[in-house]
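*Asks:* Quick one: the structure is below, and I'll ask about it shortly.
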Amino acid sequence: MKFLVVNGPNLNFLGIREKGVYGSETYKELVEYIKDVSGKLVESIEVKQSNSEGEIIDFLQKAYYDKVDGIIINPGAYTHYSYAIYDALKAVSIPAVEVHMSDIHNREEFRKTSVTAPACIKQICGKGKEGYIEGVLYLLEYLK
């Protein structure tokens with residue numbers, strides 16, 4: 001199995017931004033954790049991050065041509081308004097799990113709506129870095 005993890009805006013500032021919400025672990029530590037744990041579960045896992053909506057769409061479209069089996073996506077703030085990312089997820093037809101480290105349903109009102117989740121097979125919120133591994137495990141079960 002070949003999986004892609006796509007992280008959206010400001011995730012590169014983990015360990016710097018809102019430590020009370022996201023913790024003190026850095027983005028580099030998150031990526032190492034995802035690769036270490038997921039590397040034992042899947043043949044290949046690539047982790048990408050961008051603060052640019054267009055680049056995130058490019059990552060998703062490239063996944064189609066690279067024959068990626070599953071996507072774990074944390075669209076960051078784009079979750080709440082990016083119909084372009086929604087359209088890209090639908091277009092590539094690769095099973096995707098939306099992950100959020102915080103519980104978006106128990107935060108500010110504007111964070112409670114995800115326009116990208118309907119293009120995914122599951123949404124996981126509020127489990128920190130463990131949510132990414134839960135996403136990998138869910139995709140593995142889904143793809144059996």
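The values are calculated or read from the model by the stated rules, or taken from the named source; none is laboratory data. Fair warning: this is a prediction, and the values are worked out from it, not measured in the lab. We place every Cβ from the backbone using ideal geometry, glycine too, and count neighbours over all the protein chains shown. Heads up: the accessible areas ignore ligands, DNA and RNA and are worked out on the full protein's heavy atoms, side chains in. Shrake-Rupley method; radii C 1.70, N 1.55, O 1.52, S 1.80 Å.
*Asks:* Among the residues of the range 130-142, are any touching a helix residue (DSSP H, G or I) at 6+ places or on another chain (Cβ under 8 Å), surrounded by 15 or more Cβ atoms within 10 Å (Cβ to Cβ) and among the charged types (D, E, K, R)?
*Replies:* No, the range 130-142 has no match at all.
*Asks:* Condition test on Ile71, is it modelled with pLDDT of 95 or more and not in a strand (DSSP E or B)?
*Replies:* no
*Asks:* Just checking, which of Ala84, Ala117, Ala63, Ala77 is out of contact with any Phe, Trp or Tyr (no Cβ under 7 Å at 6 or more places or on another chain), open to solvent by less than 10 Å² (accessible area, probe 1.4 Å) and among the aliphatic types (A, V, I, L, M)? Give the steps one after another, and end with the answer.
*Replies:* On the way: Ala84 fails: open to solvent by less than 10 Å² (accessible area, probe 1.4 Å); Ala117 fails: open to solvent by less than 10 Å² (accessible area, probe 1.4 Å); Ala77 fails: open to solvent by less than 10 Å² (accessible area, probe 1.4 Å).
It is Ala63.
*Asks:* Same structure, new question: Can you tell me which of (1) exposed (fewer than 14 other Cβ atoms within 10 Å of the Cβ); (2) closer than 16 Å to Gly128 by Cβ; (3) hydrophobic (A, V, I, L, M, F, W, C) is the one Ala91 doesn't meet?
*Replies:* Of everything listed in (1) exposed (fewer than 14 other Cβ atoms within 10 Å of the Cβ); (2) closer than 16 Å to Gly128 by Cβ; (3) hydrophobic (A, V, I, L, M, F, W, C), Ala91 misses just condition (2).
*Asks:* Determine if the range 94-101 includes at least one residue that is open to solvent by 40 Å² or more (accessible area, probe 1.4 Å) and either in contact (Cβ under 8 Å) with a residue 12 or more places away in the chain or in a helix (DSSP H, G or I) (or both).
*Replies:* no
*Asks:* Taking the range 16-38, which residues are at pLDDT below 95, not aromatic (Phe, Trp, Tyr) and not in a loop (DSSP other than H, G, I, E, B)?
*Replies:* Hits for the range 16-38 are Lys19, Gly20, Val21.
*Asks:* Could I ask something else about it? Let me spell it out: the conditions are (1) in a helix (DSSP H, G or I); (2) open to solvent by 40 Å² or more (accessible area, probe 1.4 Å); (3) under 19 Å from Ile133 (Cα atoms); (4) touching a helix residue (DSSP H, G or I) at 6+ places or on another chain (Cβ under 7 Å), and Leu41 meets all of them except one. Which number is the exception?
*Replies:* (1)
*Asks:* Here's something else I'd like to know. For the list (1) in contact (Cβ under 8 Å) with a residue 24 or more places away in the chain; (2) exposed (fewer than 14 other Cβ atoms within 10 Å of the Cβ), I need the number of the one condition that Glu109 fails.
*Replies:* Here Glu109 clears every test but (1).
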